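The values are calculated or read from the model by the stated rules, or taken from the named source; none is laboratory data. Not measured: the values here are computed from a predicted model. Positions of Cβ are backbone-derived with ideal geometry, glycine not excepted, and every protein chain shown enters the neighbour counts. To get the accessible areas, we keep the full protein, side chains included, count just its heavy atoms, and leave off ligands, DNA and RNA. Shrake-Rupley method; radii C 1.70, N 1.55, O 1.52, S 1.80 Å.
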Amino acid sequence: MSKLTVNDCDFNGKRVLIRVDFNVPINKETGEVSDDTRIVAALPTIKYVIDNGGKAILVSHLGRPKGEKKPEFSLYPVSKVLEKLIGRKVLFADDCIGKEVEDKVSQMKNGDILLLQNVRYYKEEKKNDKEFAKKLAELADIHVNDAFGTAHRAHASNVGVADYLKSAAGFLMEKEIKMLGKAVENPDHPYVVILGGAKVSDKIGVITNLLGKADKILIGGAMMFTFLKAIGKNVGNSLVEDEKIELAKEILNDAKEKNVDFVLPVDTVIAKEIKQGTESKVVNIDDGVPEGWMGLDIGPETIKLFEKKLDDAKTVVWNGPMGVFEVEDFSKGTSEIAKCLAGLKNATTIVGGGDSAAAIKKFGLEDKVSHVSTGGGASLEMLEGKNLPGIESISELPEKKNRGIVVAGNWKMNKTPSESKQFANMLNGAVGNEKDIEIVVFPSALSLDGVSEILKDSNIEVGIQNIYPKDSGAFTGENAIPMAKDLGLQYVLVGHSERRHVFGETDEFLNTKVKAVLDKDLKAMFCIGELLEDRKAGSTNEILEKQLKQGLKDITAEQMKNIVLAYEPVWAIGTGVVATPEQAEETMDYCRKVIAEMFGEDTAESLKILYGGSIKPENFESLICQKNIDGGLIGGASLKESFIELVEIAKNHI
Ligand code: ADP
Ligand code: MG
């Protein structure tokens, strides 16, 4: 994704203005929140911010107070619910701008949460007033947008503030952009779209946009009758938009021209009134709906037909229920299609639209589909192919120079020679050839012979974890560079923190090693990194600069082409603690500057710098998104199948 997300940000000590969607229903009599779904949904982003040392300032709208301070739209009850759900104190400010709020914010400590009063108490919010947005922005250092439901509107609290603050997508927003964005821009095929619901007119934009993209479009819901009438079927008293019949004809023609399989129902469940238990029956569409009756659901033959059409789908987007699902007698079409989606294997299944989301929830299948979009209007507009202002305003990730990506696995003192061979065989079968991706493994010295033999025709390079900088001689226990060359190895790891700290190798000694490696035309993966006490003392940059200047002393710019740098904060190696992508990026940017000073801009620009330290499939993408991070030197996660996942992530990223 090209957008900045919370994973890319460093929140420590920062005031973070989070635009959440707390537009929850309030019980008129008790004044209490009657459904906390949206508050629960916002928790991951809020927790991430406070767990990373941020001060969370939450801003939201609730209902339609139309620019007036009406107490029935107060967010105060929400603060109480949030407090229970998140298990810590939630401060509340009875305004969203002004002195009182500023004072409260200035007293916040890292990890505190403050909920601001309804932002729509000000009419300036919906007008996206510049001054108002500025006042909101002044409360914070960074903005997080997690309110997808308002993304199709340019308001001050989601869009306006981004003129003054860096704006990052929260987790909910990120998922919406990823899922819906992919469905619109580059879906896997066959791509099946199911449309239903009340009106054709609501979904015209979606149909026209998806006609050029989907392989099949299945039509259910009331909107089917406008299409059926357009092709001359009797629709009785079913809901029809007569003024859209011409349009329906055009759409059908268009579908034919574009070779889209446009599927209309073959039967329907009819009744005389929308009421549970009323007389109902199934009729064939060819026989038509009799006068006085209306079609309220798709029939059993249509369900079978749709299931068949969905059978080989790789992407499914569903918007609009198949019938009046609110009434049990007419809910079968909707529930069966929901079940069918839930059962699809290897397909990305996306449900959008307020009522469709409610339907899938009612049937208890929301966790069985890939994504249920939370924004009614916003998801429709996205499916229409429109650019939403609330997404456009999120900051772009910094542009990255194309240096390619390195995925390197340091097996350290793990795996016996037989285990290593077995694992190498597995990697050989699983990792294909990919331009711009360099894959390297560093087995233990005793395993090198076997592993390099297995991988000799693959695109996986093999390196040695350590060498002694002499060609041969009385150096008991050591391995020499000519031995590594004899096995056809490409890389030598130099300066790993364990060599520095467990075996006491100094910068001067490491410099001798690097020079020996480069002199023999092998590539060196040169590691640097600071200890926790260095970081705490604020001397990170100083330490790294010393490691670079002494470790790479007397090396030429030409030789630097055979060096890959790996930055591994020692406090993040094997500890499960990972530097935030922003921390890593900042430090690595500094290292590149030191390299530029030593070897010139060109060398610095083309040098690959890897990050190392507790890399996992969950955090890899957010790291390699950074401008200065060109891959990873992976420890624990390189010993398992997760290494293949990491290679896949790199491939998808390129
Ligand atoms: P979504 O909110 O998912 O986009 P819509 O708002 O377009 O869906 O439509 C949902 C409504 O359509 C539901 O309330 C449902 O009862 C109604 N509906 C579906 N099929 C029919 C039908 N055959 N006749 C009348 N109403 C229908
Ligand atoms: Mg609706």
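Taking into account only those residues within the stretch 339-358 that are of a type in the set (A, V, I, L, M) and within 16 Å of ligand 2 (Cβ to nearest atom), which is farthest from residue 270 (Cα to Cα)?
Out of the qualifying residues, it is 351.
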Scan the stretch 591-615 residue by residue and report those that are of a type in the set (Val, Ile, Thr), more than 18 Å from residue 542 (Cα to Cα) and in a helix (DSSP H, G or I). 603
Tell me, yes or no, whether the stretch 493-503 has at least one residue that is in contact with a strand residue (DSSP E or B) (Cβ under 6 Å, 6 or more places away or on another chain) and farther than 22 Å from residue 413 by Cβ. no
Scanning for something within 11 Å of ligand 1 (Cβ to nearest atom), open to solvent by less than 10 Å² (accessible area, probe 1.4 Å) and closer than 24 Å to residue 359 by Cα, does the stretch 239-262 turn up at least one residue? no
Take residue 296 and decide whether it is of a type outside the set (Asp, Glu), within 20 Å of residue 218 (Cβ to Cβ), modelled with pLDDT of 95 or more and in contact with a helix residue (DSSP H, G or I) (Cβ under 8 Å, 6 or more places away or on another chain). yes
Residues (at pLDDT 95 or above and of a type in the set (Gly, Ala, Ser)) located in the stretch 118-154: 133, 137, 140, 147, 151, 154
Could you please let me know if residue 279 is closer than 30 Å to residue 205 by Cβ and open to solvent by 50 Å² or more (accessible area, probe 1.4 Å)? no
Go through the stretch 554-599 and give me each residue that's under 19 Å from residue 523 (Cβ atoms) and among the hydrophobic types (A, V, I, L, M, F, W, C). 555, 557, 560, 563, 564, 565, 566, 591, 595, 598, 599
Scan the stretch 186-221 residue by residue and report those that are open to solvent by 10 Å² or more (accessible area, probe 1.4 Å), within 16 Å of ligand 1 (Cβ to nearest atom) and touching a strand residue (DSSP E or B) at 6+ places or on another chain (Cβ under 8 Å). 197, 203
Could you please give the count of residues in the stretch 74-119 that are within 18 Å of residue 49 (Cβ to Cβ) and of a type in the set (Asp, Glu)? 2
Could you grab the pairs with beta carbons closer than 9 Å, sequence gap of 6+ or different chains, first residue in the stretch 180-200 and free of Cβ contacts under 8 Å to residues at least 60 places away in the same chain, second one within 16 Å of ligand 1 (Cβ to nearest atom) and open to solvent by 10 Å² or more (accessible area, probe 1.4 Å)? 199/222; 199/239; 199/241; 199/244; 200/222; 200/241; 200/244
Selected residue [part of a helix (DSSP H, G or I) and surrounded by 24 or more Cβ atoms within 10 Å (Cβ to Cβ)] from 224, 179: 224
Select from the stretch 376-392 the residues that are within 23 Å of residue 166 (Cβ to Cβ) and either within 14 Å of ligand 2 (Cβ to nearest atom) or open to solvent by less than 10 Å² (accessible area, probe 1.4 Å) (or both) and list them in ascending order. 378, 388, 390
By residue number, the members of the stretch 326-354 that are touching a residue at least 60 places away in the same chain (Cβ under 8 Å), over 14 Å from residue 194 (Cα atoms) and within 8 Å of ligand 1 (Cβ to nearest atom) are 330
From the list 537, 557, 604, exactly one residue is without any contact (Cβ under 8 Å) to a residue 24 or more places away in the chain, among the small types (Gly, Ala, Ser) and surrounded by fewer than 17 Cβ atoms within 10 Å (Cβ to Cβ). Which is it? 537
Find the residue count for the stretch 405-434, including only residues that are out of contact with any helix residue (DSSP H, G or I) (no Cβ under 6 Å at 6 or more places or on another chain) and part of a strand (DSSP E or B). 3
Just checking, does the stretch 139-161 include any residue being open to solvent by 70 Å² or more (accessible area, probe 1.4 Å) and under 24 Å from residue 70 (Cα atoms)? yes
Failed condition for residue 403, given (1) away from ligand 2 (no atom under 16 Å from the Cβ); (2) of a type in the set (D, E, K, R); (3) open to solvent by 40 Å² or more (accessible area, probe 1.4 Å): (3)
Tally, over the stretch 298-325, of residues that are without any contact (Cβ under 8 Å) to a residue 40 or more places away in the chain and open to solvent by less than 20 Å² (accessible area, probe 1.4 Å): 3
Taking the conditions exactly as written (more than 27 Å from residue 40 (Cβ to Cβ), more than 16 Å from ligand 1 (Cβ to nearest atom) and not in a helix (DSSP H, G or I)), does residue 232 satisfy them or not? yes
Being aliphatic (A, V, I, L, M) and within 14 Å of ligand 1 (Cβ to nearest atom) is the filter here; which residues of the stretch 355-368 pass it? 357, 358, 359, 360
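Checking the condition of a type in the set (Gly, Ala, Ser), more than 16 Å from ligand 2 (Cβ to nearest atom) and within 17 Å of residue 258 (Cα to Cα), which residue from 168, 230, 214, 183 passes?
Values: 168 fails: within 17 Å of residue 258 (Cα to Cα); 230 fails: within 17 Å of residue 258 (Cα to Cα); 183 fails: within 17 Å of residue 258 (Cα to Cα).
After applying the criteria, what remains is 214.
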